[in-house]
Amino acid sequence: MRPLTTILILVAAFLAVFLEAAWDGPRRWLGAQIDFLPGLMVFASLNAGVTTLTLLAVVGGLCFDSLSANPLGVSVLPLFLIGLGIHQCQHLILRHQAYAQWMLGLAASAAAPLLTLLLLVTLGHSPILGGGSLWQWVVMSVGGGVLTPLYFRVFDRLHRALSYQPVHESSFRQDREIARGRK
Amino acid sequence: MLLTLVLLWLPGGATSRMKLALSGVFVPLFGVAGAGQQLVQKAGHAIAPRESLAAELGQLRKENSELKLRLLQSDAVLRENDRLRALFGWSRTTPWQGKLARVVARDPANWWRGLYIDLGRRDGLRPDLPVLTPEGLVGRVAEVSETRARVVLIGDPSCRVAVLVVEGRQTVDNGVISGASSVMDTSLVELSYLSRIGSLKPGQMILTSGFEGSIYPRGIPVGHLIDFRAVEYGSYTEARVKLAANLNQLEEVWVKVP
């Protein structure tokens, strides 16, 4: 189960980054591209171990930075910190509640761009920021929040489809069959 | 954390090569997406009504004959220009060629303005080549791999353009397009280091200056002046420019190759 979860999460991260770069819809309609990775990190930190969330932060962050003008590696640390923080208090979180998943996705999607921008500014880069950045931040947070419960549903379906399902034995036994009527 | 620190402290050339190698993993997906898009376009063409195609063909033929006429006129002007330059002993300006590229992806981060095109080193591209559309300048090539290139768009902090403010045939002022004027509106950029406020008027044309050392040839339209204001107690002027090219709707761009 564990390797399958890890592989599925990493494939999802790869596809999420590709979709962010190739699909321009949210940017055209809402003025900001939604980040799919923080929501995925919420799912990973609640359903997988530290190794998986570390791998997700590294693979997802590096893939994102490779298609962006970000310095390589700048997205890894925020994702890892978010994942580790949620993983540390996973026993306190009602992970099966859609509302809790949405709230966690919202918080993670709000924190990820802030931490990345903080790192960028600390490193001396000048990202494009202004009054509209607040709107972009709201779109990213809400969009990420909406996506998070969807990740839980999709991965649940995938697990059910791809993992071994134990066959339940029927209670029917031929030697206990009640033969009705006269022979 | 250690990985982040190591990557961030690596020299720029090494990280640039690593980024290009990593982004190469996405090439098959971009190829599949492009093929899917072309398939949808072909399906759209197949169901297009014959009357509208015939009308479009007629319009294109008319436009083509007009353009041929203009080409004849500009050829004559070019010959005259060459003759006069030879007469005065001025060096001849070399005409440039363009390569059409398809936009395959955009920068996923909201705080940069960039895109990827499907031309690379094998097509003769190298960093700092100007990228434009028939409407005007779009940006410059920033990084090049074998099969694709990253373009930084005007408005990104790493894409500065030396420009002229022109009214009719007269140059009014010169300045530098330094960055985005608005986060949400990609069509507005900031024009800095203008000297005279008196001669500026909204609506004046902004063209690339082509000054010595500039990567952009002279005379490419950039946009037009919207408004301006004095800054630093009137020591220089800043203006807002509406770009001629629509950066949100870019699907195909031209790369100026030497």
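The values are calculated or read from the model by the stated rules, or taken from the named source; none is laboratory data. Not measured: the values here are computed from a predicted model. FYI the Cβ positions are ideal-geometry reconstructions off the backbone, even for glycines, and counts take in every protein chain you see. Please note that ligands, DNA and RNA were not included when accessible areas were found on the heavy atoms of the full protein model with its side chains. Shrake-Rupley method; radii C 1.70, N 1.55, O 1.52, S 1.80 Å.
Just how far, in whole angstrom, is the stretch A:41-81 from the stretch B:1-32 if you go by their alpha carbon centroids? Computed from Cα coordinates, the inter-centre distance equals 14 Å. Estimated from helices alone, the mean residue ellipticity of chain B at 222 nm is -10500 deg cm²/dmol (sum of -39500 (n - 2.57) over DSSP H runs with n ≥ 4, per residue). Averaged over the residues of peptide B:77-83, the number of Cβ atoms from other protein chains lying within 10 Å of each residue's Cβ is 0.
Carbon and sulfur atoms: what percent of the 1.4 Å accessible area of the stretch A:3-160 do they account for? Answer for the stretch A:3-160 is 74 percent, counting heavy atoms of protein chains only. Working ranking of peptides B:214-227, A:116-129, B:58-71 by packing, defined as the average number of other Cβ atoms within 10 Å per residue, highest first, is B:214-227, A:116-129, B:58-71. Each peptide in A:144-153, B:78-87 was scored by the mean count of other Cβ atoms within 10 Å over its residues; highest first, the order is A:144-153, B:78-87. Ordered by residue, what ³J(HN,Hα) values in Hz, to whole numbers, does the stretch B:62-73 give under the Karplus form 6.51 cos²θ - 1.76 cosθ + 1.60, where θ = phi - 60° and Gly and Pro are x? In residue order, the calculated couplings are 4, 4, 5, 5, 4, 5, 4, 5, 5, 5, 4, 5 Hz. Taking amide H as placed 1.01 Å from N in the peptide plane, the amide H of B:Leu129 sits under 5 Å from that of B:Val141, each at least 5 places away or on another chain.
Accessible area buried by the pairing of B and A, both sides summed with a 1.4 Å probe, works out to roughly 3700 Å². Surface exposure of the stretch A:58-183, expressed per residue as accessible area with a 1.4 Å probe, stands at 61 Å².
Carbon and sulfur together cover what percent of the accessible area of the stretch B:12-106 at a 1.4 Å probe radius? Don't skip to the end; give the middle numbers.
Details: 4670 of 7550 Å².
The C+S portion of the solvent-accessible surface of the stretch B:12-106 is 62 percent.
Simple point charges give the picture: +1 on the Cβ of Lys and Arg, -1 on the Cβ of Asp and Glu, and for the stretch B:161-243 a dipole about the Cα centre of about 220 debye. Counting only protein heavy atoms and a 1.4 Å probe, the stretch B:28-80 has 89 square angstrom of accessible area per residue. Estimated from the Cβ-Cβ distance and a Förster radius of 25 angstrom, the FRET efficiency linking B:Lys99 and B:Gln59 is about 0.40. The spread of Cα positions in chain B, taken along each principal axis and listed from longest to shortest, comes to 58, 53, 39 Å.
Backbone N atoms of the stretch B:112-140 closer than 15 Å to the 7 Å Cα→Cβ label point of B:Gln41 belong to residues B:117-119. What the phi angles of the stretch B:233-244 give under the Karplus curve with 6.51, -1.76 and 1.60, with θ = phi - 60°, is a coupling list of 6, x, 6, 8, 10, 10, 9, 9, 10, 8, 5, 6 Hz, glycine and proline written as x. Shown for the stretch B:1-38: residues covered by the partner protein chains by 40 Å² or more of accessible area relative to the chain by itself (probe radius 1.4 Å), namely B:Met1, B:Leu3, B:Thr4, B:Leu7, B:Leu8, B:Lys19, B:Leu22, B:Phe26, B:Leu29, B:Phe30. Straight Cα distances below 29 angstrom link B:Lys19 to the lysines B:Lys99, B:Lys256, with same-chain residues fewer than 8 positions distant left out.
Among B:105-113, B:237-245, how do they line up by average Cβ neighbours within 10 Å per residue, starting with the highest?
Going by the mean number of other Cβ atoms within 10 Å, highest first, we get B:105-113, B:237-245.
Once R0 is set to 35 Å, what does the formula 1/(1 + (r/R0)^6) return for the Cβ-Cβ distance between B:Val257 and A:Leu150, expressed as a FRET efficiency to the nearest 0.05? Computed FRET efficiency for B:Val257 and A:Leu150: 0.20. Quick one: net charge around B:Ile220, please, counting Lys, Arg +1 and Asp, Glu -1 for every other residue with C-beta under 13 Å from its C-beta. Spelling it out: positives minus negatives among the neighbours equals +2. For the residues of B:245-255, the average number of beta carbons from a partner chain within 10 Å of their own beta carbon is 1.
Which value, in debye to the nearest 20, describes the size of the charge dipole of the protein assembly as shown about its Cα centre when Lys and Arg Cβ atoms bear +1, Asp and Glu Cβ atoms bear -1, and nothing else is charged?
Roughly 1080 debye, rounded to the nearest 20.
Remark: the B:Ala14-B:Thr147 segment gains 46.0 nm on full extension, using 0.36 nm per residue and subtracting the alpha carbon distance. For the stretch A:3-11, backbone phi angles converted through the Karplus equation (6.51, -1.76, 1.60; θ = phi - 60°) give residue-by-residue couplings of x, 4, 4, 4, 5, 4, 5, 5, 5 Hz, Gly and Pro being listed as x. About its Cα centre, the stretch B:90-244 has a charge dipole of approximately 400 debye under the convention of +1 per Lys or Arg Cβ and -1 per Asp or Glu Cβ, with nothing else charged. Note on A:Leu158 and A:Gln90: their simple-model spin labels are 1.6 nm apart, each label 7 Å out from Cα toward Cβ. From other protein chains only, count the Cβ atoms within 10 Å of every residue's Cβ in B:99-109, then give the mean. Mean shielding by partner chains, rounded to a whole number: 6. Let me know the shape class of the stretch B:161-243, please: from the alpha-carbon gyration tensor, a ≥ b ≥ c as square roots of the eigenvalues, rounded when a/c is under 1.5, otherwise prolate if a/b is greater than b/c, or oblate. Note, shape of the stretch B:161-243 comes out rounded.
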